[in-house]
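Here's the structure we're looking at; comments come further down.
The values are calculated or read from the model by the stated rules, or taken from the named source; none is laboratory data. All figures in this text were calculated on a predicted structure; none of them were measured in a lab. Here the Cβ is made from the backbone with ideal geometry for all residues, glycine too, and neighbour counts use every protein chain on show. All accessible areas refer to the heavy atoms of the entire protein, side chains included, with ligands and DNA or RNA removed. Shrake-Rupley method; radii C 1.70, N 1.55, O 1.52, S 1.80 Å.
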Amino acid sequence: MSKVLVAYFSATGNTAKVAEELAKIENADLFEIKPEVPYTAEDLNFNVKDCRANLEMQDESCRPAMIGKVENMEQYDVVFVGTPIWWGRETAIVDTFLDAHNFSGKKIIPFCTSGISGVENASAHIKGLVGGDVTVDAGKRLGADGSEEEVKTWTELLGL
């Protein structure tokens, strides 16, 4: 049986809700990716050209500082990575998380909460970041409500 971690960043609570449900279903450990400087509503106002989120996503090398790190990452075989979708891909703080850990030999399964955007670009971008001998699943876009039934149906298909 695989040892599973659910790591997630949630700006508004939607991804947190899904991550908690997923961790419960998979009997997984849970790790919240927390930015050193929390995001405010103003930071997330995508209608303002120079809001923090827009500025971060315009800079491919941006890595906002995060609080903490997963201890003993080597114990996990599967890592679910949850993120909202900004500018068509995972958030910059998730990139910080990915850069901070060694995923060699692991399987990463991205998931996102988005009303419109899919997870495909995030999955491809994550693969480019972790590279090597890491398997990156196609992932799953879940609705903002992330119902228990929706999460359970998805995880059953994964067959972990």
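Test residue 113 against the stated conditions and say whether it is of a type in the set (Val, Ile, Thr) and at pLDDT below 90. Against the criterion (of a type in the set (Val, Ile, Thr) and at pLDDT below 90), residue 113 qualifies.
Of the helices (runs of 4 or more DSSP H) lying entirely inside segment 80-160, those containing at least 1 residues that are touching a Cys at 6+ places or on another chain (Cβ under 9 Å) and of a type in the set (S, T, N, Q) span 92-99. Scanning segment 1-39 for residues that are within 14 Å of residue 142 (Cα to Cα), surrounded by fewer than 20 Cβ atoms within 10 Å (Cβ to Cβ) and of a type in the set (A, V, I, L, M) yields one hit, 16. When segment 45-81 is limited to residues that are over 28 Å from residue 133 (Cα atoms) and of a type in the set (A, V, I, L, M), the one that is surrounded by the most Cβ atoms within 10 Å (Cβ to Cβ) turns out to be 53. Checking the stated criteria, residue 131 turns out to be over 16 Å from the mean Cα position of the chain (by Cα) and either open to solvent by less than 40 Å² (accessible area, probe 1.4 Å) or β-branched (Val, Ile, Thr) (or both).
When residues in segment 90-123 are screened for being aliphatic (A, V, I, L, M), open to solvent by 10 Å² or more (accessible area, probe 1.4 Å) and either over 19 Å from residue 63 (Cα atoms) or without any contact (Cβ under 8 Å) to a residue 12 or more places away in the chain (or both), 1 of them pass.
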